[in-house]
Amino acid sequence: MSRPRSPIAPPQSFLWTRRVVLTLLAAFALLPVYVMVSSSLKPLQDVSGKFQWIPKDLTIRPYFDIWKTVPLGKYFVNSLIVAGSATALSVVIAVFAAYAVSRYRFRGKRVFTVTVLSTQMFPGILFLLPLFLIFVNIGNSTGVELYGSRGGLILTYLTFSLPFSIWMLIGYFDSIPRELDEAAMVDGAGPIRALFQVVVPAAVPGIVAVAVYAFMTAWGEVLFASVMTNDTTRTLAVGLQGYATQNDVYWNQIMAASLVVSVPVVVGFLLLQRYLVAGLTAGAVK
(Lines give C-alpha, C1' and ligand atoms only; values in the text may rest on other atoms or scores of the structure.)
Protein backbone atom coordinates (compact mmCIF):
# COMPACT_ATOMS: atom_id res chain seq x y z
CA MET A 1 0.00 0.00 0.00
CA SER A 2 1.51 3.33 -1.10
CA ARG A 3 1.99 6.15 1.37
CA PRO A 4 -0.41 9.11 1.07
CA ARG A 5 0.97 12.03 -0.87
CA SER A 6 1.79 15.14 1.13
CA PRO A 7 -0.33 18.18 0.18
CA ILE A 8 2.79 20.35 -0.03
CA ALA A 9 4.76 17.90 -2.17
CA PRO A 10 5.59 19.14 -5.70
CA PRO A 11 3.65 17.58 -8.61
CA GLN A 12 5.05 14.59 -10.46
CA SER A 13 5.51 16.62 -13.62
CA PHE A 14 7.87 18.97 -11.76
CA LEU A 15 9.88 16.06 -10.35
CA TRP A 16 10.31 14.44 -13.78
CA THR A 17 11.21 17.77 -15.37
CA ARG A 18 13.83 18.36 -12.70
CA ARG A 19 15.31 14.91 -13.25
CA VAL A 20 15.52 15.40 -17.00
CA VAL A 21 17.07 18.86 -16.69
CA LEU A 22 19.62 17.71 -14.10
CA THR A 23 20.51 14.69 -16.24
CA LEU A 24 21.09 16.88 -19.29
CA LEU A 25 23.20 19.31 -17.27
CA ALA A 26 25.26 16.46 -15.83
CA ALA A 27 25.82 15.01 -19.31
CA PHE A 28 26.78 18.45 -20.63
CA ALA A 29 29.34 18.87 -17.82
CA LEU A 30 30.76 15.34 -17.91
CA LEU A 31 31.00 14.93 -21.69
CA PRO A 32 34.19 17.06 -22.03
CA VAL A 33 35.74 15.16 -19.12
CA TYR A 34 35.03 11.85 -20.88
CA VAL A 35 36.60 13.17 -24.09
CA MET A 36 39.71 14.22 -22.16
CA VAL A 37 40.04 10.91 -20.32
CA SER A 38 39.43 8.77 -23.41
CA SER A 39 41.81 10.84 -25.54
CA SER A 40 44.52 10.62 -22.90
CA LEU A 41 44.34 6.81 -23.05
CA LYS A 42 44.70 6.55 -26.85
CA PRO A 43 47.81 6.35 -29.03
CA LEU A 44 48.60 9.57 -30.89
CA GLN A 45 47.49 8.20 -34.27
CA ASP A 46 44.05 7.39 -32.88
CA VAL A 47 43.62 10.86 -31.39
CA SER A 48 44.78 12.62 -34.55
CA GLY A 49 42.22 10.80 -36.69
CA LYS A 50 38.45 10.67 -36.52
CA PHE A 51 37.21 10.75 -32.93
CA GLN A 52 36.01 7.41 -31.59
CA TRP A 53 33.71 7.40 -28.59
CA ILE A 54 34.87 3.90 -27.60
CA PRO A 55 38.66 3.60 -27.86
CA LYS A 56 39.99 0.50 -29.60
CA ASP A 57 43.50 0.55 -28.18
CA LEU A 58 44.03 1.74 -24.60
CA THR A 59 47.41 2.80 -23.28
CA ILE A 60 48.72 4.68 -20.26
CA ARG A 61 51.96 5.62 -22.02
CA PRO A 62 50.89 9.31 -22.47
CA TYR A 63 50.86 9.69 -18.68
CA PHE A 64 54.55 8.73 -18.61
CA ASP A 65 55.55 10.67 -21.74
CA ILE A 66 54.15 13.98 -20.46
CA TRP A 67 57.06 14.27 -18.02
CA LYS A 68 59.64 13.77 -20.80
CA THR A 69 58.21 15.84 -23.67
CA VAL A 70 58.27 19.03 -21.56
CA PRO A 71 59.71 19.67 -18.06
CA LEU A 72 56.27 19.33 -16.50
CA GLY A 73 57.70 18.72 -13.04
CA LYS A 74 59.51 22.08 -13.05
CA TYR A 75 56.37 23.85 -14.26
CA PHE A 76 54.37 22.11 -11.55
CA VAL A 77 56.76 23.32 -8.84
CA ASN A 78 56.69 26.87 -10.22
CA SER A 79 52.88 26.93 -10.26
CA LEU A 80 52.70 25.50 -6.74
CA ILE A 81 55.14 28.10 -5.36
CA VAL A 82 53.52 31.03 -7.15
CA ALA A 83 49.91 30.05 -6.44
CA GLY A 84 50.64 29.07 -2.83
CA SER A 85 52.56 32.26 -2.06
CA ALA A 86 49.96 34.48 -3.73
CA THR A 87 47.22 32.72 -1.78
CA ALA A 88 49.00 33.04 1.58
CA LEU A 89 49.78 36.73 1.08
CA SER A 90 46.28 37.47 -0.16
CA VAL A 91 44.67 35.80 2.87
CA VAL A 92 46.96 37.48 5.44
CA ILE A 93 46.64 40.98 3.98
CA ALA A 94 42.89 40.60 3.37
CA VAL A 95 42.27 39.49 6.98
CA PHE A 96 43.98 42.58 8.44
CA ALA A 97 42.45 44.99 5.92
CA ALA A 98 38.93 43.58 6.23
CA TYR A 99 39.13 43.57 10.04
CA ALA A 100 40.15 47.24 10.06
CA VAL A 101 37.33 48.24 7.70
CA SER A 102 34.75 46.13 9.51
CA ARG A 103 35.57 47.11 13.08
CA TYR A 104 36.87 50.69 12.93
CA ARG A 105 35.57 54.04 11.72
CA PHE A 106 37.94 56.25 9.75
CA ARG A 107 37.76 58.95 7.14
CA GLY A 108 37.53 57.60 3.60
CA LYS A 109 36.25 54.19 4.69
CA ARG A 110 33.46 54.09 2.12
CA VAL A 111 35.73 55.44 -0.62
CA PHE A 112 38.27 52.71 0.16
CA THR A 113 35.64 49.97 -0.01
CA VAL A 114 34.17 51.23 -3.29
CA THR A 115 37.63 51.65 -4.80
CA VAL A 116 38.65 48.12 -3.85
CA LEU A 117 35.49 46.69 -5.39
CA SER A 118 35.67 48.86 -8.52
CA THR A 119 39.03 47.38 -9.50
CA GLN A 120 37.22 44.16 -10.36
CA MET A 121 35.30 45.89 -13.16
CA PHE A 122 38.37 46.36 -15.37
CA PRO A 123 39.65 43.56 -17.62
CA GLY A 124 43.01 42.18 -16.60
CA ILE A 125 44.62 42.89 -19.95
CA LEU A 126 44.50 46.63 -19.17
CA PHE A 127 47.08 46.07 -16.42
CA LEU A 128 49.45 43.95 -18.52
CA LEU A 129 51.49 46.73 -20.12
CA PRO A 130 51.62 48.99 -17.01
CA LEU A 131 52.82 46.11 -14.82
CA PHE A 132 55.36 45.09 -17.43
CA LEU A 133 56.80 48.61 -17.60
CA ILE A 134 56.80 48.96 -13.80
CA PHE A 135 58.68 45.69 -13.32
CA VAL A 136 61.23 46.52 -16.02
CA ASN A 137 61.86 50.01 -14.60
CA ILE A 138 62.23 48.64 -11.08
CA GLY A 139 64.77 46.14 -12.35
CA ASN A 140 66.74 48.82 -14.19
CA SER A 141 66.67 51.24 -11.24
CA THR A 142 67.21 48.98 -8.25
CA GLY A 143 68.55 45.76 -9.67
CA VAL A 144 65.60 43.81 -8.22
CA GLU A 145 64.48 41.62 -11.10
CA LEU A 146 60.72 41.30 -10.91
CA TYR A 147 60.16 40.67 -14.61
CA GLY A 148 60.66 36.99 -15.37
CA SER A 149 60.77 36.01 -11.70
CA ARG A 150 58.42 34.16 -9.40
CA GLY A 151 58.23 37.17 -7.10
CA GLY A 152 56.98 39.41 -9.87
CA LEU A 153 54.31 36.89 -10.84
CA ILE A 154 53.25 36.55 -7.20
CA LEU A 155 52.81 40.33 -6.94
CA THR A 156 50.86 40.29 -10.20
CA TYR A 157 48.42 37.67 -8.98
CA LEU A 158 48.15 39.47 -5.66
CA THR A 159 46.75 42.52 -7.48
CA PHE A 160 43.97 40.30 -8.89
CA SER A 161 42.92 38.32 -5.84
CA LEU A 162 43.45 40.86 -3.05
CA PRO A 163 40.63 43.34 -3.88
CA PHE A 164 37.97 40.63 -4.06
CA SER A 165 39.38 38.92 -0.96
CA ILE A 166 39.19 42.13 1.06
CA TRP A 167 35.67 42.92 -0.11
CA MET A 168 34.43 39.42 0.65
CA LEU A 169 35.98 39.24 4.11
CA ILE A 170 34.54 42.65 5.00
CA GLY A 171 31.07 41.25 4.46
CA TYR A 172 31.92 38.12 6.44
CA PHE A 173 33.45 40.00 9.37
CA ASP A 174 30.38 42.28 9.47
CA SER A 175 28.25 39.19 10.05
CA ILE A 176 30.26 38.27 13.17
CA PRO A 177 28.82 40.00 16.28
CA ARG A 178 30.98 42.79 17.64
CA GLU A 179 30.09 41.64 21.15
CA LEU A 180 32.63 38.82 20.72
CA ASP A 181 35.42 41.34 20.22
CA GLU A 182 34.23 43.44 23.12
CA ALA A 183 34.06 40.42 25.43
CA ALA A 184 37.64 39.49 24.52
CA MET A 185 38.84 43.05 25.15
CA VAL A 186 37.08 43.11 28.52
CA ASP A 187 39.14 40.04 29.40
CA GLY A 188 42.30 41.97 28.58
CA ALA A 189 42.86 41.07 24.94
CA GLY A 190 44.08 43.72 22.50
CA PRO A 191 42.79 44.19 18.95
CA ILE A 192 45.32 41.78 17.40
CA ARG A 193 44.67 39.11 20.01
CA ALA A 194 40.91 39.52 19.61
CA LEU A 195 41.32 39.16 15.86
CA PHE A 196 43.23 35.89 16.01
CA GLN A 197 41.51 34.33 19.03
CA VAL A 198 37.91 35.36 18.35
CA VAL A 199 37.25 36.67 14.85
CA VAL A 200 39.49 34.42 12.76
CA PRO A 201 38.17 31.13 14.25
CA ALA A 202 34.61 32.32 13.61
CA ALA A 203 35.51 33.37 10.05
CA VAL A 204 37.16 30.12 8.93
CA PRO A 205 34.59 29.45 6.14
CA GLY A 206 35.08 32.92 4.70
CA ILE A 207 38.87 32.68 4.89
CA VAL A 208 38.81 29.28 3.18
CA ALA A 209 36.60 30.67 0.41
CA VAL A 210 39.06 33.52 -0.13
CA ALA A 211 42.00 31.11 -0.18
CA VAL A 212 40.34 28.83 -2.73
CA TYR A 213 39.48 31.79 -4.94
CA ALA A 214 43.03 33.19 -4.80
CA PHE A 215 44.61 29.80 -5.49
CA MET A 216 42.36 29.00 -8.45
CA THR A 217 42.95 32.46 -9.91
CA ALA A 218 46.73 32.02 -9.80
CA TRP A 219 46.80 28.34 -10.77
CA GLY A 220 45.03 28.62 -14.12
CA GLU A 221 46.05 32.12 -15.28
CA VAL A 222 47.62 32.22 -18.76
CA LEU A 223 47.90 35.80 -20.07
CA PHE A 224 50.23 37.33 -17.46
CA ALA A 225 52.14 34.07 -16.97
CA SER A 226 52.99 33.96 -20.68
CA VAL A 227 54.44 37.49 -20.56
CA MET A 228 55.93 37.73 -17.07
CA THR A 229 57.84 34.42 -17.05
CA ASN A 230 60.78 32.84 -18.87
CA ASP A 231 61.97 29.27 -19.42
CA THR A 232 63.03 28.99 -15.77
CA THR A 233 59.91 30.39 -14.08
CA ARG A 234 57.27 29.18 -16.55
CA THR A 235 54.07 27.85 -14.95
CA LEU A 236 51.82 24.97 -15.88
CA ALA A 237 49.21 27.05 -17.69
CA VAL A 238 51.88 28.24 -20.14
CA GLY A 239 53.97 25.06 -20.11
CA LEU A 240 51.15 23.01 -21.61
CA GLN A 241 51.77 24.83 -24.88
CA GLY A 242 55.02 22.88 -25.16
CA TYR A 243 53.11 19.80 -26.33
CA ALA A 244 52.35 21.60 -29.60
CA THR A 245 55.46 21.70 -31.81
CA GLN A 246 56.04 22.84 -35.37
CA ASN A 247 55.83 19.27 -36.62
CA ASP A 248 53.06 17.74 -34.54
CA VAL A 249 50.61 18.25 -31.69
CA TYR A 250 50.63 15.60 -28.98
CA TRP A 251 46.91 15.67 -28.27
CA ASN A 252 46.93 12.59 -26.07
CA GLN A 253 49.69 14.06 -23.89
CA ILE A 254 47.93 17.43 -23.71
CA MET A 255 44.79 15.71 -22.41
CA ALA A 256 46.79 13.62 -19.95
CA ALA A 257 48.73 16.63 -18.68
CA SER A 258 45.54 18.68 -18.35
CA LEU A 259 44.02 15.99 -16.17
CA VAL A 260 47.16 15.71 -14.03
CA VAL A 261 47.46 19.45 -13.38
CA SER A 262 43.75 19.64 -12.53
CA VAL A 263 44.06 17.14 -9.70
CA PRO A 264 45.28 19.59 -6.97
CA VAL A 265 42.49 22.07 -7.66
CA VAL A 266 39.77 19.42 -7.88
CA VAL A 267 40.91 17.60 -4.73
CA GLY A 268 41.22 20.86 -2.80
CA PHE A 269 37.79 22.00 -3.93
CA LEU A 270 36.16 18.70 -2.91
CA LEU A 271 37.83 18.76 0.52
CA LEU A 272 36.93 22.40 1.21
CA GLN A 273 33.56 22.48 -0.54
CA ARG A 274 31.44 22.88 2.59
CA TYR A 275 33.62 25.74 3.85
CA LEU A 276 33.58 27.37 0.42
CA VAL A 277 29.78 27.32 0.14
CA ALA A 278 29.33 28.62 3.68
CA GLY A 279 31.90 31.35 3.15
CA LEU A 280 30.46 32.56 -0.15
CA THR A 281 26.92 32.60 1.25
CA ALA A 282 27.77 34.45 4.45
CA GLY A 283 30.18 36.84 2.79
CA ALA A 284 27.69 37.90 0.13
CA VAL A 285 24.97 38.95 2.58
CA LYS A 286 25.54 41.41 5.38
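The values are calculated or read from the model by the stated rules, or taken from the named source; none is laboratory data. Keep in mind that this is a model prediction, so the values were computed, not measured. Positions of Cβ are generated from backbone atoms using ideal geometry, with glycine treated the same way; all protein chains shown enter the neighbour counts. Just so you know, the surface numbers come from the protein's heavy atoms only, side chains and all, with ligands and any DNA or RNA stripped out. Shrake-Rupley method; radii C 1.70, N 1.55, O 1.52, S 1.80 Å.
Things worth noting here:
- Tally, over the stretch 78-101, of residues that are surrounded by 13 or more Cβ atoms within 10 Å (Cβ to Cβ) and either modelled with pLDDT under 85 or of a type in the set (Val, Ile, Thr) (or both): 7
- Candidates Tyr243, Tyr250: the one that is touching a strand residue (DSSP E or B) at 6+ places or on another chain (Cβ under 8 Å) and open to solvent by 30 Å² or more (accessible area, probe 1.4 Å) is Tyr250.
- Leading residue by the ranking (farthest from Phe224 (Cα to Cα)) among those in the stretch 116-134 that are at pLDDT 80 or above and open to solvent by less than 80 Å² (accessible area, probe 1.4 Å): Pro130
- Residue count, the stretch 43-73 (criterion: among the aromatic types (Phe, Trp, Tyr) and outside any loop (DSSP other than H, G, I, E, B)): 3
- Sole residue being small (Gly, Ala, Ser) and over 20 Å from Ala225 (Cα atoms), chosen from Gly148, Gly188: Gly188
- Listing of helices (runs of 4 or more DSSP H) fully contained in the stretch 79-177 that carry 2 or more residues being free of Cβ contacts under 8 Å to residues at least 60 places away in the same chain and over 20 Å from the mean Cα position of the chain (by Cα): 109-118, 128-142
- Extreme residue, nearest to Leu259 (Cα to Cα), among residues of the stretch 10-42 that are in a loop (DSSP other than H, G, I, E, B) and open to solvent by 40 Å² or more (accessible area, probe 1.4 Å): Leu41
- Annotation note: Cβ proximity below 7 Å between a residue of the stretch 198-211 that is farther than 13 Å from Ser161 by Cα and a residue that is small (Gly, Ala, Ser) (sequence gap 6+ or interchain) occurs for Val198/Ala184; Pro205/Ala278; Pro205/Gly279; Pro205/Ala282; Gly206/Gly279; Gly206/Ala282; Gly206/Gly283; Val208/Gly279.
- The stretch 231-254, subset polar (S, T, N, Q) and at pLDDT below 85, residue nearest to the chain's Cα centre (by Cα): Gln241
- Of residues in the stretch 48-77 being open to solvent by less than 40 Å² (accessible area, probe 1.4 Å) and within 27 Å of Glu221 (Cα to Cα), the one nearest to the chain's Cα centre (by Cα): Tyr75
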